[in-house]
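See structure below.
The values are calculated or read from the model by the stated rules, or taken from the named source; none is laboratory data. What you are looking at is a predicted structure, and each value in this text was computed from that prediction instead of being measured. Positions of Cβ are generated from backbone atoms using ideal geometry, with glycine treated the same way; all protein chains shown enter the neighbour counts. We work out accessible area using only protein heavy atoms, side chains counted, and drop any ligands, DNA or RNA first. Shrake-Rupley method; radii C 1.70, N 1.55, O 1.52, S 1.80 Å.
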Amino acid sequence: MLVIQNLNYSSHATIFFQRFSVIFTDILFIYAVRECCRCVNGKRAGKDIMEKPTFILAALLLWNFGLLIVDHIHFQYNGFLFGLMLLSIARLCQKRYLEGALLFAVLLHFKHIYVYVAPAYGIYLLRSYCFTANNADGSVKWRSFSFLHVTLMGLTVCLVSALSLGPFVVLGQLPQVISRLFPFKRGLCHAYWAPNFWALYNAVDKALTVVGLKYNFLDPTKIPKASMTGGLVQEFQHTVLPSVTPLATLICTLVSILPSVFCLWFKPQGPRGFLQCVVLCALSSFMFGWHVHEKAILLAILPLSLLSVQRAKDAGIYLILTTTGHFSLFPLLFTLPELPIKILLMLLFTIYSFSSLKSLFRRERPLLNWLETIYLVQLVPLEIFCEIIFPLTPWKLTLPFVPLLLTSVYCALGITYAWLKLYVSVLTEPIPVRQKAE
């Protein structure tokens, strides 16, 4: 199995090891969920255990449809990594700041995609741990800066970095590691477009290309065939709209993250504000990042689960994001035997999500308005067209990418809406007035 030239290797022993290692490492995820549930406010707890926020949160995390299919059907180790992330969040909520910083540093060296939420961790630790007190109006008390706390946190992060990257530095292989962590030559989008801003950008470029060719505005000989829809992972140029560079995506990502980071600093709301910033950083990077994979939406969905059981407004955003984001993962399971499995699993999770959160906030206004409800319901005919009707048409041979394009673009609309709605909610929240910390 470890021979590099041994392509297409397969054995029952290998499959057995891989599957059971995923199940075993999920123990950490289960423990992290338990710790997160301990941080949830239980004021809304009902008499029935199934109506308690802690029970609902545990079910939303442990039974998460996206994590289930990505890890146990598509096969990856995201449960273990999200376990580290949720555990670090729980430790910060419990004011065990050094432990939370240690866990996040370990997580970051396991998988570098979590660098997208690093600004939220950095600002929150600086605001809550390095500065030990606030003024009466909630602003930071500059004289409370603790050099000892900064030193301890810096040593913790540097120790993890030294243990992780030290061997590569000694062997002179650090440039090789960095080149593989940031493969800019893979192109703006994956073979299946992640449902983000760039999917909409690509779709507009395609539409303008079709219109341009129809009315002779463009020269057909100068347009590459299937430039962005050929299913290949490589760099492509847009036809009408300006082509996007890695630097442009980095700038867009940073600009989209900055408002949430400013809110975390200037409008501190404790763990709740930290969680909001984590979700917005994850969503912003998903929206504007370079070569984003569709699975990265889980980086926003799982932390948002903690907010969804606390406030009705967040619950509504969660239902939109999780339903749309999970539906966008359907193309990962593309074989016929997997079709009823993914549909049934998503139906079960979605029905439970809607019913449990609706019951939790039954005394408040509806979680979704009529327009949001119509949008989510339209996912049903979209799936029927992509999986049943389209394969029976002649377009299957000439335009095989159409189902993926429709899924990506339609889901991108919902995820963009959820991102904007969460941002509006965070930016318009009143600044809390707090008494000076002791």
Study note, to complete from the structure: P(r) of region 205-359 over all Cα-Cα pairs, 5 Å bins starting at 0, rounded to whole percent, reads 1, 8, 12, 14, 14, 14, 12, 11, 7, 4, 2, 0
Exercise for review: May I ask which residue of LEU406, LEU57, LEU98 lies farthest towards the positive end of the charge dipole of the chain, with charges of +1 (Lys, Arg) and -1 (Asp, Glu) on Cβ and the Cα centre as origin?
Suggested key: LEU98
Check your understanding: If you put +1 on each Lys and Arg Cβ and -1 on each Asp and Glu Cβ, how big is the dipole of the chain around its Cα centre, in Debye rounded to 20?
Key -> 940
Exercise for review: Calculate I(q)/I(0) for the chain by the Debye formula, one identical point scatterer on each C-alpha and no solvent, and give its log10 at q = 0.08, 0.11 Å⁻¹ to two decimals.
Suggested key: -0.50, -0.95
Review point. In whole Å, what three semi-axes, largest first, describe the equivalent ellipsoid of region 352-396 built from its Cα gyration tensor (square root of 5 times each eigenvalue)?
Key: 34, 11, 4
Exercise for review: Return one number: the angle in degrees, 0 to 90 and rounded to the nearest 10, between the long axis of the Cα atoms of helix 78-93 and the longest principal axis of the Cα atoms of the chain.
Suggested key: 30
Study note, to complete from the structure: The cysteines in the chain that find no other cysteine Cβ closer than 4.7 Å to their own Cβ are CYS36, CYS37, CYS130, CYS158, CYS189, CYS252, CYS263, CYS277, CYS281, CYS386, CYS411
Point to revise | Solvent-accessible area per residue, Å², over the chain with all protein chains present [probe radius 1.4 Å] | key: 52
Exercise for review: With runs of 4+ DSSP H residues as the only contributors, calculate the mean residue ellipticity of the chain at 222 nm using -39,500 (n - 2.57) per run, divided by the residue total and rounded to the nearest 500.
Suggested key: -20000 deg cm²/dmol
Exercise for review: Please work out the FRET efficiency for the pair GLU429 and VAL210, using the Cβ-Cβ distance as r and a Förster radius of 41 Å; give the result to the nearest 0.05.
Suggested key: 0.40
Study note, to complete from the structure: With the 8 Å Cα cutoff and a minimum separation of six or more residues, the chain has a relative contact order in percent of 21
**Study point:** Translational diffusion coefficient (Stokes-Einstein; Kirkwood radius from C-alpha pairs) of region 60-180 at 10 °C, 1.306 mPa s, in µm²/s
**Key:** 97
Revision key, fill the gap. To the nearest 20 debye, region 301-422 has a Cα-centred charge dipole, built from +1 on Lys and Arg Cβ and -1 on Asp and Glu Cβ, of 420
Review point. Got a sec? Charge dipole of region 264-408, +1 on Cβ for Lys and Arg, -1 for Asp and Glu; which of SER353, LEU379, PRO366 is way out at the positive end?
Key: PRO366
**Study point:** Rel. contact order, % - alpha carbon contacts under 8 angstrom, at least six apart, region 1-149
**Key:** 18
Practice item. Report the charge-dipole magnitude of region 45-122 in Debye, nearest 20, computed about the Cα centre from +1 at each Lys and Arg Cβ and -1 at each Asp and Glu Cβ. Key: 220
Check your understanding: Gap in Å between the Cα centre of region 246-264 and the Cα centre of region 129-204?
Key -> 13
**Study point:** Apportionment of accessible area to carbon and sulfur, region 45-187, percent (1.4 Å)
**Key:** 71
Check your understanding: According to a simple spin-label model (label point 7 Å from Cα along Cα-to-Cβ), what is the distance in nm between SER179 and PHE110?
Key -> 2.9
**Study point:** Förster radius 25 Å - calculated FRET efficiency between SER161 and LEU254 (Cβ-Cβ, nearest 0.05)
**Key:** 0.65
Check your understanding: Residues with amide H under 5 Å of VAL292's amide H, sequence separation 5 or more or different chain, H placed in the peptide plane at 1.01 Å from N; which?
Key -> HIS190
Study note, to complete from the structure: Counting every C-alpha pair in region 1-138, the percent lying more than 24 Å apart is 46
Revision key, fill the gap. Taking Cα atoms, the helix 246-266 axis meets the longest principal axis of the chain at an angle in degrees (rounded to 10) of 30
Revision key, fill the gap. In the structure shown, of LYS267/LYS313; LYS52/LYS267; LYS111/LYS396, the pairs separated by more than 25 angstrom at the C-alpha atoms are LYS52/LYS267; LYS111/LYS396
Check your understanding: Just how far, in whole angstrom, is region 319-345 from region 60-116 if you go by their alpha carbon centroids?
Key -> 22
Review point. Roughly what angle does helix 53-62 make with the longest principal axis of the chain, taking Cα atoms, 0 to 90 degrees, to the nearest 10?
Key: 40
**Study point:** Placed amide H near VAL140: partners under 5 Å, 5+ positions off or other chain
**Key:** ASN135
Point to revise | Dipole axis of the chain (+1 Lys, Arg; -1 Asp, Glu on Cβ), positive-most option in THR253, SER88, PHE197 | key: SER88
Practice item. Give me the distance in nm between label points sitting 7 Å out from Cα along the Cα-to-Cβ direction at SER11 and ALA133, one decimal. Key: 6.5
Practice item. Over region 348-388, with every protein chain in place, what whole percent of the accessible area is carbon and sulfur at 1.4 Å, could you tell me? Key: 69
Point to revise | Projected label distance in nm at LEU392 and SER144, using a 7 Å step from Cα toward the beta-carbon | key: 6.6
